[in-house]
Amino acid sequence: LHEYNRFALNLHKAGLKPEQLFSYITSSIDDGPIKNCAKLAGIEYKRIAKLILTIPDCRKIMERWSELHHIWVIGRGDLEYPRRFKSKLGWNAPAFLFGIGDRSILNEERCISVVGSHKISPERAIEAQKIGERIAQENFHLVFGSSGDSDRAVAKSAFEAIRTQNLNSGILGILSNNLAEHSEQKEWIDHGIHTGILTLITKEAPNASFNLDVAYASNTLIHAMGNA
């Protein structure tokens, strides 16, 4: 991300946009500005060129993910990108986000983030369920991580409250791994996505496997999205 930020900053200064890179790089006459941006960013030009030439293959992979799982992708320059990520994290905000579900929740106000224990007792699970229900009933949007018992208890309870009580709330899950698999894991998750109640996003590739460091880093995004 830090390398991409340096490169993107120099592109911006040169009046270039990332979507223009492929047309520049495939024309040896016009790739001078890209070479200069790479040099200023301290990144080897050949590496940049090699990555840019994979764009057609990446597009095919994205089309396949979209076809199989209805996955979409947005970048920091898109209007739908979460404003809170950019305002709170600055250049540490992910360059891209992959997601499934209704994107409008990404810039909703009145969001409450929940990060809880991986394993909880039955008594704590009941407590978590009450918290999820109350968040929904008071018309807040729930942001959760889906990696622990407490997170899932809060989210499922909020979903049931929204579904059965016809509440005007939504749920956003910020995942650290395997977006595609998570979207099909539980019946309530699948139902939540299809009814527009639940949206799932990740900064990792949709087929990325679990990584503890990445999981901890995802907590930063969960906290950044919430008003509380």
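The values are calculated or read from the model by the stated rules, or taken from the named source; none is laboratory data. Worth saying up front: this structure is predicted, and the values here are computed from it rather than measured. Please note: Cβ atoms are built from the backbone with ideal geometry, for glycine as well, and neighbour counts cover all protein chains shown. For the accessible areas, the whole protein counts, side chains as well, though only heavy atoms, and no ligand, DNA or RNA atoms are used. Shrake-Rupley method; radii C 1.70, N 1.55, O 1.52, S 1.80 Å.
Give the relative contact order (percent, whole number) for segment 67-142; include only Cα pairs under 8 Å separated by 6+ residues.
Relative contact order, segment 67-142: 30 percent.
At a threshold of 8 angstrom on Cα-Cα distance, excluding pairs fewer than six apart, so keeping six or more, what relative contact order does the chain reach in percent?
Reported as a whole number, the value is 19 percent.
Provide the FRET efficiency to the nearest 0.05 for the Q165-E187 pair, computing r from the beta carbons and using R0 = 25 Å.
Between Q165 and E187 the formula returns 0.80.
Pairs K39/K86; K119/K186; K60/K119: which exceed 29 Å Cα-Cα?
K60/K119
In a Gaussian network model over the chain where Cα atoms closer than 10 Å are linked, find which of P94, P82, P56 has the largest mean-square fluctuation.
In the Gaussian network model the winner is P56.
Quick check for me: using +1 on Lys/Arg Cβ and -1 on Asp/Glu Cβ, what's the dipole size of segment 1-114 about its Cα centre, in debye to the nearest 20?
Dipole size: approximately 420 debye.
Run through the DSSP bridge list for the chain and note the antiparallel percent, rounded to the nearest 5.
Taking every DSSP beta bridge with both residues in the chain, the antiparallel ones total about 35 percent.
What accessible surface, in Å², does a 1.4 Å probe find on D213, ignoring ligands, DNA and RNA and rounding to the nearest 10?
Roughly 120 Å² of D213 is accessible to a 1.4 Å probe.
In the chain, with Lys and Arg counted as +1 and Asp and Glu as -1 at Cβ, which of these residues, I100, W188, T202, has the Cα nearest the positive end of the dipole, that is, farthest along it?
T202
Given only helices, namely DSSP H runs of n ≥ 4 each adding -39500 (n - 2.57), what is the per-residue ellipticity at 222 nm of the chain, to the nearest 500 deg cm²/dmol?
-15000 deg cm²/dmol
Just to make sure I understand: if all protein chains stay in place, what is the order of H191, H69, H2 by accessible area at 1.4 Å, largest first?
H2, H191, H69
Can you put F22, F210, F7 in order of accessible area, largest first, using a 1.4 Å probe?
Greatest to least solvent exposure: F210, F22, F7.
Quick one: what are the phi-derived ³J(HN,Hα) couplings along segment 52-63, Karplus 6.51/-1.76/1.60 with θ = phi - 60°, whole Hz, x for glycine and proline?
Working through the residues one at a time gives 5, 5, 8, 4, x, 5, 4, 4, 5, 5, 5, 4 Hz.
Scan segment 144-228 for trypsin sites (Lys or Arg not before Pro) in coil per DSSP, keeping those whose Cβ has at most 12 other Cβ atoms within 10 Å, and list them by number.
In loop regions of segment 144-228 (DSSP not H, G, I, E or B), there are no sparsely surrounded trypsin sites (Lys or Arg not before Pro).
Taking the chain as a Gaussian network, Cα atoms linked when under 10 Å apart, which of S176, S87, S150 shows the biggest mean-square fluctuation?
The residue that fluctuates most here is S87.
Order K50, K86, most accessible first, counting only protein heavy atoms with a 1.4 angstrom probe.
Per-residue accessible area, sorted high to low, gives K50, K86.
At 1.4 Å probe radius, can you tell me the per residue accessible area of the chain in Å²?
Dividing the accessible area of the chain by its residue count gives 56 Å².
In whole percent, and with a 1.4 Å probe on the protein chains, what portion of the accessible area of segment 9-120 is carbon and sulfur?
The C+S portion of the solvent-accessible surface of segment 9-120 is 55 percent.
Between (i) 19.0; (ii) 20.1; (iii) 18.1, which matches Kirkwood radius over Cα pairs in Å calculated for the structure shown?
(i)
Express in whole angstrom the spacing between the alpha-carbon centres of segment 156-205 and segment 1-69.
33
If I model a spin label at D57 and D78 as a point 7 Å from the Cα along the Cα→Cβ vector, what separation in nanometres do I get?
Taking the simple label geometry, D57 and D78 are separated by 2.3 nm.
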